[in-house]
1. Which of these, B:Phe50, B:Phe64, B:Phe16, has the largest mean-square fluctuation under a Gaussian network model of chain B (Cα springs below 10 Å)?
2. Please give the average number of partner chain Cβ atoms lying within 10 Å of the Cβ of each residue in A:160-169, rounded to a whole number.
3. So what is the calculated 222 nm ellipticity per residue for chain B, using -39500 (n - 2.57) for each DSSP H run with n of 4 or more, over all residues, to the nearest 500 deg cm²/dmol?
4. Before we go on, tell me the buried accessible area for the B/A pair, both chains summed, 1.4 Å probe, in Å² to the nearest 100.
5. For the protein assembly as shown, max minus min Cα coordinate along each principal axis, in Å, sorted largest first?
6. Starting from the eigenvalues of the Cα gyration tensor, five times each then square-rooted, give me the equivalent ellipsoid semi-axes of the range B:2-96, largest first, whole Å.
7. Once you charge only the Cβ atoms, +1 for Lys and Arg and -1 for Asp and Glu, what is the size of the charge dipole of the protein assembly as shown about its Cα centre, to the nearest 20 debye?
8. With no solvent and one point per C-alpha, what does the Debye sum give as log10 I(q)/I(0) for the range A:10-131 at q = 0.13, 0.19, 0.20 Å⁻¹?
Amino acid sequence: MFELNFVWNGHSILFLILAVCIISGAVFMLHFSKIIHMVVSLAFTFIGLAGVYVLLEAEFVATVQILVYAGAISILMIFGIMMTKHDQLEESPRIQWKGILAGVGCLALFGAIFFAIRSTSFPSIPAVGPLAEDNTLELGKQIFTAHVIPFELLSVLLTVAFIGAIVVAKHDAEEKEVAGSATREEAE
Amino acid sequence: MSSMLASYLTLAAILFCIGLYGVLTKRSAVIVLLSIELMLNAVNLNLIAFSKYGVVPSLKGQVFSLFSIAIAAAEVAVGIAILIALYRNRGTTNVDEFNELRN
């Protein structure tokens, strides 16, 4: 059932190298003790994933991946760490069996998915040419014709989310200021 | 060709399981958010792999993954904002200590 008909060519070797980078970044994320090191190792994983997207002829998505994930989200996470506690160490879970139980559950989930992937016979499609001559151009046409309503909804959602984020993060500071001035007035 | 699809799906499954383990065991809320990002990335990888090697190869999978990246960015912004508000109120980012709803 598990015949591994892995073909050795340039594509698969490049895929293997990138996969090793991605998985090692993710595993080091679990293993490091300093939170800032975890974020940097996960940024490594995100860049590796961008490489895999290039292998899959998704150049525009790879660019967005580097800009949004490796750039914006990593920096946002580092902001989050700096705004909370600086040199925090990740403690090991208090209850050891909880971690073991989670590990066993994740391994079981992986086993189930792996079994499903290996026992499925994917229909071998005829080798077609590249998906699009100009990836970005074709993607733009798709987004702005067939998917324009989801696109507009998404822009509304992004606006709402960012305004909401500012309100949530700022709300408390203003309240504290009001409370501080109230106590100052009381003291006077 | 289809063997490559199985390899990509396996890589995505490994990433998803590592992310799930991180969500379940890590104690810092920042790392829990990052692990959720890792799981979302695994799903994106599946979408793009199927857009190339699926039964009907088309660009639709890449459009879907772009939308999901935008949703992930919004989610992280709101998550970090909630985290900072919680830190101001509680003085900690340890997810074990956020248990106001318990009693």
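1. Maximum among the listed residues: B:Phe64.
2. Working: counts 2, 9, 5, 0, 5, 10, 2, 2, 9, 9.
Taking the mean over all residues of the peptide, I get 5.
3. Calculated mean residue ellipticity at 222 nm is -27500 deg cm²/dmol.
4. Working: alone 7300 and 15350 Å², together 15480 Å².
Its buried surface, counting both partners, is about 7200 Å².
5. Per principal axis, max minus min of the Cα coordinates gives 83, 49, 31 Å.
6. Working: eigenvalues 209, 51, 4 Å².
In descending order, the three semi-axes are 32, 16, 5 Å.
7. Working: 16 positive and 22 negative charges, 156 e Å.
It comes to approximately 740 debye.
8. -0.76, -1.21, -1.25
The values are calculated or read from the model by the stated rules, or taken from the named source; none is laboratory data. Given the structure is predicted, the values throughout are model-derived calculations rather than measurements. Here Cβ is always computed from backbone atoms with ideal geometry, including for glycine, and neighbour counts include all displayed protein chains. All accessible areas refer to the heavy atoms of the entire protein, side chains included, with ligands and DNA or RNA removed. Shrake-Rupley method; radii C 1.70, N 1.55, O 1.52, S 1.80 Å.
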